[in-house]
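One structure is given here, and the rest of the page talks about it.
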Amino acid sequence: MKLPPGPKTPSWLLSMQFEADPFGYMDAISQRYGDIVTIMSGSTPLVYVSNPLGIKEIFANTKEITARGELNQNFALMTGSQGVLQLDGLVHKNRRKLLMQPFHGARMQACGRRICELTEKIMGKTVGKSFVTYPTIEDITLRVGIEVVMGLYEGECYEKIKHLFASVLKLNLQSPIGKILRNILGQRDLGRWSPQGYRVYLRRELFQLLCAEIEQRRKQADCSRTDMLCDLIFAHDETGELLSNEEVRDLLLSPIFAAGDASGTAITWSLYWIHRLPAVRERLLEELDGLGENPDPMSIVALPYLNAVCNEVLRIYPTQLFAFPRLVESPVNLMGYELSPGTILISNIYSTHQRKDLYPQPKEFKPERFLEKQFSPYEFLPFGGGSRVCIGATFALFEMKLILATILSRYQLELATRRPERPKFGGLICYPKSGVKMVMHGRRQPQGQSLVSSLI
């Protein structure tokens, strides 16, 4: 086996360097070793690829290279062992189909007005105040996720579930002391005060609450409901049996976490760049105001410059820095290297998005590049690719555009500081380190009616 080059630094030190400056670390690695790099994890080679042709081979070759669910078991603590990330083969394929139903067609349109309403309701509380953007936006996206996935809109159960999901997401934003404790104590459960113990406690509380809600919904079955939970309660597995409560629970977890975490982060980064670059904000407002008095959700999401802005945000700060890993099952040649079974392949999304041959001046925020050129799914892949591509990618972009459109059209915002926002790695995503501090000066009256009123 001939492995690609890579650093000889111990993996624990590389991990510390990465967490301290994730983008700087990956830029340095790519500059030194190129677009295929080996990092050893014990005796297992991890091969990171940021070449579009190499990524295409990884996603397309399903014979020698497989996307095994067992490679994603590190997510199972909070998403369950029977979630779509952990499943394989026909079961994985069928479960994906079940989960994708709410993310297309008429259901998405029906969500549009509610997304705008929630955005205006929550953002309206910040008028005349300074606020931190990420937790504010996360509140919106998490509410949307719970409503779309579970069909819950209010009540005690809704508030408890929202609180538990928010508590789990906060673990990704640990303080330096919290990270030190996690590194010292590792995966040991030493009670609720320990990082792992607290995770286990939250998991138990969340899992019990979700199972109770699922059981109650089975007893009060209503085929007219259009949420994901209803779909799964009436769904059958590959043998014709109804899905168990535990299977339904695990399938619900990932979409809700993604809605609150990935979408919230992407929208926060969008607001940062839009308000950091006045020309971008002005062009967006001109495009939004040009919709007239009665814009509908589909006309908003079809706006070309709004789409370009969202894509540029996802290029610089993809919702996943890496695609989900693949396993080499039998000897394979990848980019001139003979790789042996047991090698783990990881498509490096961030570094692919930073290639100067694809994206000139990659550190510059230039939405126009997405108006001037069409990129392949191996050149621009913010949601991963292949059989493990993000199920909710279409809905995430839909939600992202509507929330941004509502905020920009209705409110006058300003960044609280001109200091550049730095990324902070938290599990899978790079969050804005300060959360993006902003000032809400007041309401803005767009040309014509408000987005919310026009959608009613």
Long pairs among LYS93/LYS162; LYS56/LYS401; LYS363/LYS424; LYS121/LYS162; LYS8/LYS356; LYS8/LYS170, criterion Cα-Cα beyond 22 Å
LYS93/LYS162; LYS56/LYS401; LYS8/LYS356; LYS8/LYS170
Kindly state, as a whole number, the per residue volume in cubic angstrom of the convex hull around the alpha carbon atoms of region 363-412.
114
Spelling out what I want: for every residue of region 352-360, take phi, set θ = phi - 60°, compute 6.51 cos²θ - 1.76 cosθ + 1.60 (Karplus), and round to whole Hz; glycine and proline get x.
4, 5, 9, 5, 6, 6, 9, 10, x
Mean separation of Cα contacts under 8 Å (6+ apart) over length of the chain, as relative contact order %
26
Relative to the compact-globule estimate 2.2 N^0.38 Å (N residues), the Cα gyration radius of the chain stands at a ratio of 0.98
For VAL436, net neighbour charge (Lys/Arg +1, Asp/Glu -1) across residues whose Cβ lies under 13 Å away:
+4
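How long are the semi-axes of the equivalent ellipsoid of region 1-138, defined as square roots of 5 times the Cα gyration tensor eigenvalues? Whole Å, largest first.
Largest first, region 1-138 gives 37, 26, 15 Å.
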Read phi for every residue in region 398-407 and hand back ³J(HN,Hα) as whole Hz from Karplus 6.51 cos²θ - 1.76 cosθ + 1.60, θ = phi - 60°, with x for Gly and Pro.
4, 5, 4, 5, 5, 5, 4, 4, 5, 5
For LYS160, the aspartates and glutamates lying under 17 Å Cα to Cα, once residues fewer than eight places off in the same chain are dropped, come out as GLU138, ASP139, GLU147, GLU205, GLU213, GLU215
Given a cut-off of 21 Å, what percent of all Cα-Cα pairs of region 315-415 lie beyond it?
51
Compute the distance in nm between two label points, each set 7 Å from the Cα along the Cα-to-Cβ direction, one at THR394 and one at HIS163.
3.7
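Given the peptides 113-123, 14-24, arrange them by the average over their residues of other C-beta atoms within 10 Å, most packed first.
Going by the mean number of other Cβ atoms within 10 Å, highest first, we get 113-123, 14-24.
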Restricting things to alpha carbons, find the Rg to Rh ratio for region 197-256 using the Kirkwood radius for Rh.
1.01
Which order do MET1, MET438 fall in if you start with the one that has the fewest other Cβ atoms within 10 Å?
MET1, MET438
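Every number in this text was worked out from the coordinates using simple rules, so none of it is lab data. None of the values given here were measured: they were computed from a predicted structure. With ideal geometry, Cβ positions are generated from the backbone for all residues, glycine too; neighbour counts draw on all protein chains shown.
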